[in-house]
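I have placed the structure first, in the form of structure tokens, so that the comments after it can refer back to it.
The values are calculated or read from the model by the stated rules, or taken from the named source; none is laboratory data. As the structure is a computational prediction, the values presented were derived from the model and not from experiment. Note that each Cβ is placed from the backbone with ideal geometry, even for glycine, and that neighbours are counted across all protein chains shown.
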Amino acid sequence: MRQTIPIDNEGLILINKPEGKTSFQAVIELRKKIGIKKIGHSGTLDKAARGLLVFCIGKTTKLLNYLIGLPKKYYCEVTFGIQTNTDDKNGEIINRYDGSIEFDTIKNLLPEFSGIIRQTPPNYSAIHVNGKRAYQLALRDKEMDLKTREVEIKSLNVVGFDGKVLKIEIECSSGTYIRSLARDLGLRSGYLAYVSHLRRDNVGDFSLEEANNLTDDKIKIYSPIEALRHYETINIKEEYVEYFKNGKRLNSGMFLDIDNKNGEFKTAFDNKLLGVIRKENSKISYKFVY
């Protein structure tokens, strides 16, 4: 069934991507379902993973730059004793560890994987290397030099261990590879490891519990102002709405409840997004006009 879309053809859609489907396949299915070609996402998920994908449609794709860098939360199961070439369950087994696996050894290493850390993306990833995707080179057994990157593991909480599988909840910065974390924990412990289950639960303030399934008859679409829910709203006075849209000079007298505030804010009138502004003391400037 094709979803009926508001006449403005804009908004934000949350999708629960099923395991076994690529993010690109999810885009194709969503396009067919809602009848809109212009769709952008704030970040992909591995084929072997499931969970939250954030899409913007139509004009709202202008907001993607404000969503791409949002932190993520995951539930992950790391299986020890096996290493795969993709660092997840879809890869080929390339090494095994047949000794005993001690939880205390793993637990004592976890602080090394918290806070600001450096990690190397998996060979089978979408990182660009000399104009090609890393996974394209890996499929052809090409040598590549993947650069380490700085990421932040904001929290890493153990929720279970059954002697072989470590169950953890992770909150991390955008750009973090959970497969790399599992791989490195396996190598550091000597036990080897891969991601056997991965679910993305949150992107910023957006939750998997709010997400649509691709099989749903109707798709819930959030308004552009809701797409920037992580920004505080500053309302503009009605007589200055067109003034704002035309990008004219701003001052605090045009807005409601902006005195004694500093930072970046979404600007709205009648619950409709107009743009984002930045206020530093008495100076107010545009970040963008929607």
Fill in the blank from the handout: Checking LYS266, LYS218, LYS248, LYS283 in turn, the sole residue that is surrounded by 12 or more Cβ atoms within 10 Å (Cβ to Cβ) and of a type in the set (Lys, Arg) turns out to be LYS266
Handout entry: Within segment 66-118, strands (runs of 3 or more DSSP E) holding 2 or more residues that are without any contact (Cβ under 8 Å) to a residue 12 or more places away in the chain
Key = 93-96
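Could you say which residue among VAL203, VAL241 is touching a strand residue (DSSP E or B) at 6+ places or on another chain (Cβ under 6 Å), hydrophobic (A, V, I, L, M, F, W, C), without any contact (Cβ under 8 Å) to a residue 60 or more places away in the chain and surrounded by 17 or more Cβ atoms within 10 Å (Cβ to Cβ)? Spell out the reasoning first.
Numbers: VAL203 fails: without any contact (Cβ under 8 Å) to a residue 60 or more places away in the chain.
Among VAL203, VAL241, only VAL241 is touching a strand residue (DSSP E or B) at 6+ places or on another chain (Cβ under 6 Å), hydrophobic (A, V, I, L, M, F, W, C), without any contact (Cβ under 8 Å) to a residue 60 or more places away in the chain and surrounded by 17 or more Cβ atoms within 10 Å (Cβ to Cβ).
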Fill in the blank from the handout: Residue pairs qualifying under the 6 Å Cβ cut-off, at least six apart or on distinct chains, with the first in segment 20-36 being modelled with pLDDT under 95 and the second being hydroxyl-bearing (Ser, Thr, Tyr) and surrounded by fewer than 17 Cβ atoms within 10 Å (Cβ to Cβ), are SER23/THR44
Exercise for the section: Report yes if some residue within segment 206-227 is out of contact with any strand residue (DSSP E or B) (no Cβ under 9 Å at 6 or more places or on another chain), β-branched (Val, Ile, Thr) and farther than 30 Å from PHE103 by Cα; otherwise report no. Expected result: yes
